[in-house]
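Single-structure report; data block below.
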Amino acid sequence: MEYYIPISRRLFEHQLWCEERIYSRFEAWLDLIQSARFEDTKQLIGNRFIEVKRGQILASLRFLAGRWQWSTKKVNSFLDLLIQDKMIIKETPKGTGQTVITICNYDKYNSQIIREETEKKQQGNTKETPRKQQGNKVNKDKKENNIGDSDESLVCGTSQPHAEHIDYSELVKFFNEETKGVFGTVRTPLSDSRKGMINARIKSYGKKTFADMIHRAYQSDFLKGQNKKGWTASFDWLIKPTNFEKVISGNYDNKNSRNYPAIPNGAKSREEQTDREILEYAAKAFGKDTVSSK
């Protein structure tokens, strides 16, 4: 196909792509394309399902800011730029706090080559014996069931090289001190499965967002047990992919208590104040030299 360079999605699992950094606008655009759904689905946000169609991304501005190491203001400006150039369409379903981003001309970025390969694979599968087909189904089910659980270390675990150092002892110390035992006390040394989960979250969202997740979780009355069942979150629950995303997206924020402190001198806006606070938390958890200030 002319003017196309086919890129494997495995590229976005490579340690160079997963390296913590401040994204360029091109990297952010490429990230949106590769993050878009390739088929229609539904995602549970709070107590309602949100329909996400092919070529769409469901995410909060705060989530994208943490992922790209930007401020939410910069994310919003970038999305507005893409809207002006008719590259995306943006909408916010009422009561979700999430943004649905539609990639315009999504099929142009997912060429016919991909569909042809899929069709060939499907045709090949029809020639397999029933026993082999059943075996493939079992293997597929096992893979799907492992997503988001402790076996995630097989994909993003400590056995793979990482572009950045994580001091797990300092992170555990930070978690225990910040949460004051509400979510249980985490002991060291951490298991390989826990390290794999932590690595996966940091590779996807960055250290600032990981530290912010801990802070937001501790501020949540619901996660601390003030719910009908008296259930309390745990460290392992918080670092699972679906739960992590819900926490940083604000799904568990206290709805009726938003007591913001006064904006300190030097901060130009509430947003800048929040960014500074998150940076301070991240510096405590990972060290000042390992967290970007931008």
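So here's what we get for this one:
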quantity	calculated
Residues of the range 229-255 that turn out to be part of a loop (DSSP other than H, G, I, E, B) and under 10 Å from the mean Cα position of the chain (by Cα), as a count	1
Scan of the range 35-57 for residues that are surrounded by 15 or more Cβ atoms within 10 Å (Cβ to Cβ) and closer than 24 Å to Ser8 by Cβ, ordered by number	Ser35, Ala36, Arg37, Val52, Arg54, Gly55, Gln56, Ile57
Residues of the range 20-39 classified as under 30 Å from Asp253 (Cβ atoms), out of contact with any strand residue (DSSP E or B) (no Cβ under 7 Å at 6 or more places or on another chain) and not in a helix (DSSP H, G or I), total	4
Residue within the range 39-62 that is over 24 Å from Arg201 (Cβ atoms) and of a type in the set (S, T, N, Q) present	yes
In the range 194-245, the residues that are at positive phi and surrounded by fewer than 22 Cβ atoms within 10 Å (Cβ to Cβ)	Gly225, Gly230
Residues being closer than 20 Å to Thr242 by Cα, without any contact (Cβ under 8 Å) to a residue 24 or more places away in the chain and more than 16 Å from the chain's Cα centre (by Cα) - total across the range 1-54	7
Output for the range 74-119, where each listed residue is over 15 Å from Arg54 (Cα atoms), at pLDDT below 75 and either more than 22 Å from the chain's Cα centre (by Cα) or part of a helix (DSSP H, G or I) (or both)	Gln112, Ile113, Glu116, Glu117, Thr118, Glu119
Selected residue (criterion: modelled with the lowest pLDDT) from residues of the range 1-29 that are touching a helix residue (DSSP H, G or I) at 6+ places or on another chain (Cβ under 9 Å) and of a type in the set (A, V, I, L, M)	Met1
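The values are calculated or read from the model by the stated rules, or taken from the named source; none is laboratory data. Note that this is a predicted model, so its numbers are computed, not measured. Cβ coordinates were reconstructed from backbone atoms using ideal geometry, including for glycine residues, and neighbour counts include every protein chain displayed.
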